[in-house]
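The values are calculated or read from the model by the stated rules, or taken from the named source; none is laboratory data. Treat the numbers as computed from the prediction; the structure is a model and nothing was measured. Backbone-built Cβ (ideal geometry, glycine too); neighbour counts: all protein chains shown. The area values use the complete protein model at the heavy-atom level, side chains included, leaving out ligands, DNA and RNA. Shrake-Rupley method; radii C 1.70, N 1.55, O 1.52, S 1.80 Å.
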Amino acid sequence: MPEQFAVPRSVEWEEASVKILNQQKLPEKTEYLHLTTKEDVYDAIQTLKVRGAPAIGITAAFGLALCAQSINTSDVSAFLVELGKIKDELNQARPTAVNLSWALNRLVISAEDAKSVNEAKTNLIHEAIQIQVEDEETCRQIGQNALHLFKSGDSIMTICNAGSIATSRYGTALSPFYLAKTKDLDLHIYACETRPVLQGARLTAWELMQGGIDVTLITDSMAAHTMKEKNISAVIVGADRIARNGDTANKIGTYGLAILAKAFQIPFFIAAPLSTFDVSISCGDNIPIEERDPDEVRLINGTQIAPQEVPVFNPAFDITPHDLISGIITEKGIITDRFEEEIEALFSAEALT
């Protein structure tokens with residue numbers, strides 16, 4: 001990534017803490033938090049101080065490695081029992097994003113063959129750092145694979161924030177836009193505001209502007225009109241969990257965009273790393289959907305906009321059926337047809353490498 005890529009990193013490892021960009025404060029303030037306890041890490045993930053499936057996984061991995069340093073025993077078996085307890089607690093912070101459990105499980109496995117507690121603690125740190133390094137390269141490759149889907153002059157729509165601050169670097173759905181800039185491809189992005197907590201307005205618009213990307217903000221209810229009037233060429237979004245048949249959980253509002261894209265005959269793409277796939281789940285009906293605090297809908301920035309007593313339904317995600325998806329862009333290529341067969345083949349190949 002060239003030097004003009006100015007978006008700060010979302011998560012960094014420090015010897016005595018996990019440093020995160022506080023996404024609750026954007027765009028008004030660029031604030032960093034230093035997480036030092038299990039409770040800090042859980043709260044940061046649960047309250048969206050850090051968000052985006054890959055960044056959640058990286059933060060959880062660093063958090064588990066950090067908390068493990070304080071486990072006071074010289075017995076490896078006892079250490080692994082305590083490590084498992086911390087892992088299970090952190091895993092409850094966000095139930096829909098599969099990267100959370102994927103990263104935590106990967107860390108525990110890295111410690112299981114250690115001959116001493118000190119070796120296990122070291123392995124955990126190294127594995128967490130490796131997850132972050134791999135994610136950066138994965139996101140770059142996703143962007144590279146997506147780039148040929150677009151041509152100069154295209155207008156593209158997205159929702160939520162699947163960018164650099166939701167990952168280690170580059171992003172998933174936003175990655176091709178950064179790479180396009182380095183190749184002088186003229187792409188214009190329309191970012192939905194993403195109610196109820198406005199990740200599109202607060203984060204995607206801010207991030208793309210930081211990176212010098214041409215972006216226009218729209219409200220979610222303007223999507224259909226914008227597709228028609230602005231000649232939208234494609235929709236590209238991220239994912240929090242992808243089932244074995246290609247059904248995809250992503251930020252609430254994604255399903256609606258997919259329906260609109262089909263009505264306007266616009267390609268609809270998912271961009272996600274293999275770590276976001278959950279092949280243990282056959283279809284989207286089996287993906288747990290997190291429901292969040294009703295006040296996220298009743299209030300904006302602490303200001304009440306609805307009656308305090310009104311009942312609220314506040315799912316954080318919806319499920320886009322695979323038959324509405326034109327392609328799933330991964331670091332290994334693009335899945336475009338026979339989703340279940342292609343996903344199964346992709347993971348079979350992964351198991352052999």
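Among the listed pairs K181/K332; K49/K121; K49/K332; K251/K332; K87/K121; K49/K251, those whose Cα-Cα separation exceeds 19 Å are K181/K332; K49/K121; K49/K332; K251/K332. Scattering from the C-alpha atoms of the chain alone, worked out with Debye: what is log10 I(q)/I(0) at q = 0.07, 0.11, 0.13 1/Å? Per q value, in the given order, log10 I(q)/I(0) is -0.28, -0.71, -0.99.
Take every Cα pair under 8 Å whose residues are at least 6 apart in sequence, average their separation, divide by the length of the chain, and the relative contact order is 15 percent. Using the Cα coordinates of the stretch 206-353, the gyration tensor eigenvalues translate into equivalent-ellipsoid semi-axes of 30, 21, 15 Å, sorted from longest to shortest.
Report, to the nearest whole %, how much of the accessible area of the chain belongs to carbon and sulfur atoms, 1.4 Å probe, protein only. Show your work: numbers first, answer last.
Details: 7310 of 14880 Å².
Accessible surface attributable to carbon and sulfur in the chain totals 49 percent.
Diffusion coefficient (Stokes-Einstein, Kirkwood radius over C-alpha pairs, 20 °C, 1.002 mPa s) for the stretch 60-216: 122 µm²/s, rounded to a whole number. Here the calculated FRET efficiency for Q92 and E296, from their Cβ-Cβ distance with R0 = 22 Å, stands at 0.70, rounded to the nearest 0.05. Annotation: extensible slack from K19 through S221 equals 69.2 nm (criterion: 0.36 nm per residue apart, minus Cα-Cα distance). Per residue, the accessible area of the chain comes to 42 Å² when a 1.4 Å probe rolls over the protein heavy atoms. Taking all protein chains together, K230, K262, K49 sort by accessible area into K262, K230, K49, largest first [probe 1.4 Å]. Go through I270, V7, G52 and say which Cα lies farthest out towards the positive end of the charge dipole of the chain; charges sit on Cβ, +1 for Lys and Arg, -1 for Asp and Glu. Towards the positive end, the residue furthest out is V7.
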